[in-house]
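J.: There's a structure below that I have some questions on.
The values are calculated or read from the model by the stated rules, or taken from the named source; none is laboratory data. Fair warning: this is a prediction, and the values are worked out from it, not measured in the lab. Note that we place each Cβ from the backbone using ideal geometry, even for glycine, and neighbour counts take in every protein chain shown.
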Amino acid sequence: MQIELFTRMQYEPSILMLGKKYRRITSDILEYSWNAVITTACELELSTTLRTDKRFVKDVFSEDNMHANLLNKKNLHVIHLFGENYPEESLDEIEREDKSDYAVRMLSHVVEAIKRNGLILIDDFEECCFSHKELRKALRLLYSNQKQVHIFNCSHKDIYLSSLEEQGIAVLYEESIQDFFEKYLIEDDFEEDTYKAGKNISLYINAENNWKTTLLEKKLLLETESFATLLNIELLNEVRIPENMYKDYFYMFLKNSVREPQWYGYKYEFNIHRAYEKDLYKKVKDGLDGTGNPENKPLMVVGQTGTGKSIALAAIAHRIFNEKKYPVIHVNDPDVYFYSSTEYKQKMVNKKGSPAFNALDALVERLENMGAKAVLIMWDTSSFSAGRRKVLSLYRALLSRGRKVYLVCTAYETNNRQYTVEDDFDEERGFDNKFVECKATVRISSEIDQIKKILLDKCEMPKDAVDKILNYYVKDNDNYLSLFYQAFEILRSDLSQGVFREANHNLNELDNIVADEIETKNVAANVFAVALKNVEKELVEAGIIDGVSFEDENNHSQTSVAKDLFIKCIAVCSKFKLKMPYDFALRILGTYNEKIIRVLTQSTFFVISNDTYGNYEISLRTPLEALMYLNAKEVTPKEEINCIVQMLNNMNPSGDYGQQKEVRLCERLIRIIGPNSNTYRFTYKNEYEGIIKALNKLRIESGIWEPILISQEITYLRECIGADENRPDSERIEALKEAIKIADEVLARCEYDGISMGTRNAIKVESANSKLLLCNLNNSNDALLYKELRRDLREVIKYDSLDYHAYVTLLKGSISEYNNERDSIKKIELMESMCALADEIIFDNPDVASNEYFQRKVTEIYSLMKDASVVQAYIDELVANGSAAGLYVKARKQLMHYEVDFKKGLLYQVQEDACKSVYMLYSDVKYRSVMQESEPCQYMLLNIVWLLNNKNPMYAEGECWLTHISEEGWRELLNITNNYILRFCSKTEDVYQSGKNMRYLKALCLAELKMYSESLTILKSIEEDSSLGIKRVFTKHMLCEADGTTRKFSGRLGKYDEVRRSGEVFIEEFGKTPIYYHGPHMRTANLTEGTVFNDIEIGYSNIAPKAFRNVEDVEK
């Protein structure tokens, strides 16, 4: 989903919405080229932060201040939902309601602006007078299933957010918006890329014969780029589509053409050539050739929604440009204000023309000075009478300036009354007669072949399916255009979101068009029925299904293709892209009849294939057809669950544990639709108890103890019953006890049955989660239980250091123990423990640290840390008892307050001051001994000393990091690592990887202090104990002098392998041990054995040093 969001943000207006706690949002996010920003904050500090040298910022405190061009990136609107005054806590209920209503109205204006197309990204929040309830009131105005709202940091999903999600209006993410930006957007600046391509653009002016291009400086377009596009060669050729991505770009073209032209689509012929385009092209050419003629009228393309006016307008613009005679300007903003100073002089008002008009006029004048005989302006206004007045005013104002232009616009409806002489004197009555009109009418017969080609080539539908669809509907021409859009509606869920909006300004209008013709569900049923008509006869003859009875087609009644469980089960599997083992399917069918098997193997409806082991599998042709079939049959979620239950009931009890394909198939189905699925849990949650009963029956009555299915049974019991707050506590507790009992039994069996360690660990984690929930329900704080959980989960982590489920459960247990603890002193010790654990994993295990579930728990821990109370009396008491927990929490809170991040370095002076303050605390004589015995404190001290000496973080992005640390600094770091390894590594090195990292740092310190032999010994011990596997080991730090320059060594090259491009170099300081290098890193073609270099640089990795040359040049 996030990949699609990232793609949509490149094409659709994007709005950021924040609460009053916006300061946690990083500058990378705030500086992104948003179309608008919404906030509940009332101060102007946010606007100051948002202002850059590329855009102005306008604060909007009331509905009256909202300009028509609300989404202008160059003039960023910051919409303050509460106006100038944030609601006070002392407000009474009526006043609170008024404030809430005001905020909803403000937000509704923005929603209206993106109703056609656009996105809102929200950093989730709830505040006084603005909760999820108010958010839903405004957002529910958006169309369903368009997924225009994306809410991050959504750890709590209430009924209001769930409603938005179920309607397809919003997508909810538990991870933060910062994570999304770091993953997709921080590296990219889409606005700047336009300027980096060069200083000029290329276009044609009177070049129809010689094809000679004309250059225009990009800076001359700065004033018009916010509302208009001057077509140019670079723009029309900037997208090159790989053949395997035609389908994706085609759907993107249809979807985003509603908002602005997708110029690449016309080059690749993604557009349907409407019948009226010939007439439109002729009238445009006549208008261009007639510039200067006082009788020349602007052109208006008139038609209803869905007739493709916007795409046709852009297609003509593309065609005129490629004729290389006239420059073309496309104005895509229907609300931009063009008014000239001439108009105001006539009205006795001394006012200059609008900036937009002046900029457009200046651009046209420059094009004329460059030789243009006329300039074509396309303005996609889709207007009513007021919009026509604006178009006419712009045309007349440009002509009054002497400009040689021809203007083309669009409009929704026409006025069919007869023209009268009075119309020349009454603008309100005579707008239609001030334009040349081109009727945007659709002639179905001329578009059949084009639609067929699109369905085949762009949608990649099978030819037989396309033919059947066309043959079925071609007899009813009035319905054919509706079929075209309905076909995309059917395909949309599988291929792309938003296709249904092609050439349509809103879904409601299209629904009205289609409502009188074809119901969406009936279209799906009928199209599918036609596609199956041939195979249906064979299936009936074989006795697989009953005959299909078609009711009156004029009423488009639902068709009934199959009633048997056999096809439904296969369809349910195929819907989720799963294939059913062939013998499993026949077992469900209940027969091995040769005739039936022959029909199945010959049918085009079913696909029988082989897996990698040669076993036969059966499925429907595509997931889309499976979904269409289930929709046509009106199969409910309850019936789908029943299919899975029947599959469990028909499972073969023989075979080795976990090896049967049918077991893995059922497990995947149950997991896909299960309570941990963000996609399907709301669809199937009311039927989960059916799955629980079937799994229990499988285990108890059938005697099938399949660990991977039992793991799912434990999950369902915990999440569906144990975690359901609407159930009585007694029922929840009983379910959790049952889940724990099942886990204990299967783990006991594991000792004898020899199941995989991975499955065993999964059950341990599921059992641990159940125990935690049970502990919370019982309001108990069983220290022994938490100790056992830590032991079990550490064993899981020791086996698999990347199992984020175990880490998340471990943190969850720490949080639970902390929340249930009543003793203030003990809470501080628990806080130290869980914060230290989170910090170590973040620092030492980036693979786990990047997981969204882990990050959510870490955020919760840091929130608890922020709220924790640490008084000096607690600190002194803990120190007296030999614990540094109070000191750690105090220091950690201070660092958090100034946003010190060990992974980002020191960015501000206040952060450096905070680190110095903590360093002084740790250096206090009365605390020194207890601090040395504290693993978390020593770990924090190591990072602080590093940052104070180097400013940059210990571990950064990329490789070959340079350092700026003095000899004294390295000695202090060496002392800390020695103390850490001596006191703590024997317990931790095989669990969180911190032991290996600490030994690496010790080796680095020794090397920086020129104790190279001792350094190599440490690295060798890491290599012998390494769990890094065969993956490439990255070079981390370069050996550097105190000023940050790389240390230079003299070395003699040894043997070099041309094939592997690796060699060895001998350096006196490192003794007889060769240092290996990668050929290209030596920055020379002369790698002959015996060659001596005096500028070799050494980089350290986790297992060995590597040789380089000129690393600093590479860094630059």
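J.: In the list Val60, Val110, which residue meets the criterion of being over 24 Å from Phe180 (Cβ atoms) and crowded, with 20+ Cβ neighbours inside 10 Å?
T.: Of Val60, Val110, the one residue that is over 24 Å from Phe180 (Cβ atoms) and crowded, with 20+ Cβ neighbours inside 10 Å is Val60.
J.: Quick check on my filter: what residues within the range 551-598 are more than 13 Å from Val635 (Cβ to Cβ), modelled with pLDDT of 80 or more and hydroxyl-bearing (Ser, Thr, Tyr)?
T.: Tyr582
J.: Follow-up. Return yes when Glu1068 is surrounded by fewer than 15 Cβ atoms within 10 Å (Cβ to Cβ), at pLDDT 90 or above and acidic (Asp, Glu) and no when it is not.
T.: yes
J.: Next up: Would you pick out the residues in the range 692-727 that are of a type in the set (Lys, Arg) and in contact with a Ser or Thr (Cβ under 8 Å, 6 or more places away or on another chain)?
T.: Across the range 692-727, the qualifying residue is only Arg718.
J.: If you check Tyr629 against the conditions, is it surrounded by fewer than 19 Cβ atoms within 10 Å (Cβ to Cβ) and at pLDDT below 85?
T.: Numbers: surrounded by fewer than 19 Cβ atoms within 10 Å (Cβ to Cβ): no; at pLDDT below 85: yes.
Here the answer is no, as Tyr629 does not meet what is asked.
J.: Let me ask something else. Out of the range 933-969, which residues are of a type in the set (S, T, N, Q), surrounded by 19 or more Cβ atoms within 10 Å (Cβ to Cβ) and over 18 Å from Arg1047 (Cα atoms)?
T.: Ser934, Gln938, Asn943
J.: Continuing with the same structure: Can you name every residue in the range 177-227 that is of a type in the set (A, V, I, L, M), within 17 Å of the chain's Cα centre (by Cα) and modelled with pLDDT of 85 or more?
T.: First, the residues of the range 177-227 that are of a type in the set (A, V, I, L, M): 177, 185-186, 197, 201, 203, 205, 207, 215-216, 220-222.
Still in the list and also within 17 Å of the chain's Cα centre (by Cα): 177, 185-186.
Answer for the range 177-227, where residues must be of a type in the set (A, V, I, L, M), within 17 Å of the chain's Cα centre (by Cα) and modelled with pLDDT of 85 or more: just Ile177.
J.: Enumerate the pairs (first residue in the range 623-637 and farther than 9 Å from Ala571 by Cβ and in the same structural domain as Thr683 (by TED's automatic domain parsing); second residue anywhere and modelled with pLDDT of 75 or more and part of a loop (DSSP other than H, G, I, E, B)) with beta-carbon separation below 6 Å, excluding pairs fewer than 6 apart on the same chain, so at least 6 apart or on different chains.
T.: Note: pairs meeting the criteria are Pro623/Lys577.
J.: Give Ile755, Ile763 a once-over and let me know the one that is assigned to a helix (DSSP H, G or I) and either within 23 Å of Asn676 (Cβ to Cβ) or at pLDDT 85 or above (or both).
T.: Ile763
J.: If you don't mind, there's one more thing I want to ask. Do any helices (runs of 4 or more DSSP H) entirely within the range 257-326 hold 1 or more residues that are of a type in the set (S, T, N, Q), and if so, which?
T.: By residue number, 309-322.
J.: Another question, then. Mind listing whichever residues of the range 17-39 are in contact (Cβ under 8 Å) with a residue 60 or more places away in the chain, assigned to a loop (DSSP other than H, G, I, E, B) and crowded, with 17+ Cβ neighbours inside 10 Å?
T.: Gly19, Lys20, Ile25, Tyr32, Asn35
J.: If you don't mind, another one. Determine if the range 75-92 includes at least one residue that is more than 18 Å from Leu107 (Cα to Cα) and surrounded by 15 or more Cβ atoms within 10 Å (Cβ to Cβ).
T.: Yes, because at least one residue in the range 75-92 is more than 18 Å from Leu107 (Cα to Cα) and surrounded by 15 or more Cβ atoms within 10 Å (Cβ to Cβ).
J.: Just to be sure, is Leu30 hydrophobic (A, V, I, L, M, F, W, C) and touching a Phe, Trp or Tyr at 6+ places or on another chain (Cβ under 9 Å)?
T.: Against the criterion (hydrophobic (A, V, I, L, M, F, W, C) and touching a Phe, Trp or Tyr at 6+ places or on another chain (Cβ under 9 Å)), Leu30 qualifies.
J.: Is it true that some residue in the range 916-924 is surrounded by fewer than 19 Cβ atoms within 10 Å (Cβ to Cβ), within 30 Å of Leu785 (Cβ to Cβ) and touching a residue at least 24 places away in the same chain (Cβ under 8 Å)?
T.: Scanning the range 916-924, I find no residue that is surrounded by fewer than 19 Cβ atoms within 10 Å (Cβ to Cβ), within 30 Å of Leu785 (Cβ to Cβ) and touching a residue at least 24 places away in the same chain (Cβ under 8 Å), so the answer is no.
J.: Arg96 - would you say it is of a type in the set (D, E, K, R), surrounded by fewer than 18 Cβ atoms within 10 Å (Cβ to Cβ), assigned by TED's automatic domain parsing to the domain that holds Ser14 and more than 23 Å from the chain's Cα centre (by Cα)?
T.: The answer is yes for Arg96.
J.: Can you confirm whether Tyr807 is out of contact with any His (no Cβ under 9 Å at 6 or more places or on another chain), in a helix (DSSP H, G or I) and surrounded by fewer than 20 Cβ atoms within 10 Å (Cβ to Cβ)?
T.: no
J.: Now a separate question. So which of Val848, Val870, Val879 is within 19 Å of Met940 (Cα to Cα), of a type outside the set (Gly, Ala, Ser) and modelled with pLDDT under 80?
T.: Criteria check complete, one pass: Val870.
J.: A further question follows. Condition first: part of a helix (DSSP H, G or I), crowded, with 20+ Cβ neighbours inside 10 Å and more than 28 Å from the chain's Cα centre (by Cα). Can you find one or more residues in the range 868-877 that meet it?
T.: yes
J.: May I ask you to list the residues in the range 955-986 that are aliphatic (A, V, I, L, M), under 19 Å from Cys915 (Cβ atoms) and at pLDDT 90 or above?
T.: Hits for the range 955-986 are Ile965, Leu973, Ile976.
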